[in-house]
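Notes follow once the structure below has been shown.
Please treat every number below as a calculation from the coordinates, not as lab data. As the structure is a computational prediction, the values presented were derived from the model and not from experiment. So basically every Cβ, Gly included, is an ideal-geometry build from the backbone, and we count neighbours across all protein chains shown.
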């Protein structure tokens, strides 16, 4: 199978930009050239790789080829960085796309990555830990923090640790909605705050106390800091990681015995590169220091 670098880059550009025209602008070629490269790549592979939708999406086969394109770009950038250092031209930063859940980015992960800014150009994608592996699977990301232990095909999976979440709310909210403590009836009435519609942590706690029938009023606040602030302001109760409960007295636990531990794994391609190893080591060190 003869796969050309310009064809692989055309595939990545169409996925990143969403359309053939936008990909052509990013590659500084004509849309016709992009179309020809994609057709040649599909001919070489013998399968349809792109769904010509808006935005364009890869097929299952296309995801595998897209992962190859991402890995080759990282290898090429790593090689260029090494050659620049050898010739005294100064270090070149290597671009990497890393996906992680919002709570990790807001607490333990960003400080670890900040020190790498002169060696790695990071594009951080935010996704729920239960869904982040999909961005690695479809070739969108180069590496991921995920709650999925099973490695994506072609990747390794390493346990980083666990984030502990507990049900929390503002003291005044607890006094109003849970004057006699937490039980199924009070949880069915009290407003709850979700991060977004993929966030299942609150529902997991609800099911453990009230069963599947509880349907309290629901709010959605899709930002890690904003979510914590919404709880502090009394919008509702929610599952907040211990690492974010940093304002003394601002929040109290609804249930002293309740906790949900979310395991986090680092997944990256089996093909190792200096840039990926650098990021993986920084993430692992921070996780060891901050996670359970």
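Worth a mention:
- Extension gain (nm, one decimal) between residue 292 and residue 114, 0.36 nm per residue minus Cα-Cα: 61.9 nm
- Helix 201-210 axis, angle to the chain major axis (alpha carbon atoms, nearest 10°): 30
- Calculated log₁₀ intensity ratio I(q)/I(0) where the Debye formula runs over C-alpha points of the range 163-262, q = 0.10, 0.15, 0.18 Å⁻¹: -0.22, -0.50, -0.75
- For the range 163-262, averaging the sequence separation of C-alpha pairs within contact (under 8 Å, six or more residues apart) and dividing by the residue count gives a relative contact order of 50 percent.
- Theoretical FRET efficiency, 1/(1+(r/R0)^6), r = Cβ-Cβ of residue 54 and residue 247, R0 30 Å, to 0.05: 0.10
- Residues considered: 207, 37, 67. Largest GNM mean-square fluctuation over the chain, using C-alpha springs under 10 Å, is found at 207.
- Counting all C-alpha pairs of the range 35-139, share separated by more than 17 Å (%): 65
- Antiparallel content of DSSP bridges confined to the chain, in %, to 5: 60
- Listed residues 170, 184, 81, most fluctuating in the chain (Gaussian network, C-alpha, under 10 Å): 184
- Using bins of 10 Å that start at zero, the share of Cα-Cα pairs per bin across the range 239-281 amounts to 19, 32, 19, 21, 9, in whole %.
- Here the range 4-53 has an Rg and Dmax of 9.6, 27 Å, counting Cα atoms alone.
- Pairwise label distance in nanometres, residue 130 with residue 4, each label 7 Å out on the Cα-Cβ vector: 4.5
- The chain: calculated mean residue ellipticity at 222 nm from DSSP helix runs of at least 4, using -39500 (n - 2.57): -13000 deg cm²/dmol
- Gaussian network model of the chain, springs between alpha carbon atoms under 10 Å - residue of 34, 182, 58 with greatest fluctuation: 182
- Antiparallel bridge percentage (DSSP; both residues within the range 163-262; nearest 5): 70
- Degrees separating the helix 60-86 axis from the principal Cα axis of the chain, which is the longest one: 70
- Taking 38, 260 and counting other C-beta atoms within 10 Å, the order from fewest to most: 260, 38
- Restricting the calculation to Cα atoms, the range 151-197 yields a radius of gyration followed by a Dmax of 17.8, 53 Å.
- By the count of neighbouring beta-carbon atoms within 10 Å, fewest first, 178, 227 end up ordered 178, 227.
- Longest to shortest principal axis, alpha-carbon extents of the chain, angstrom: 69, 44, 31
- Comparing Cα centroids, the range 1-74 and the range 170-211 end up 46 angstrom apart.
- Pairs of Cα atoms nearer than 8 Å and 6+ residues apart set the relative contact order; for the chain it is 20 percent.
- For the range 1-90, the fraction of C-alpha pairs more than 21 angstrom apart is 33%.
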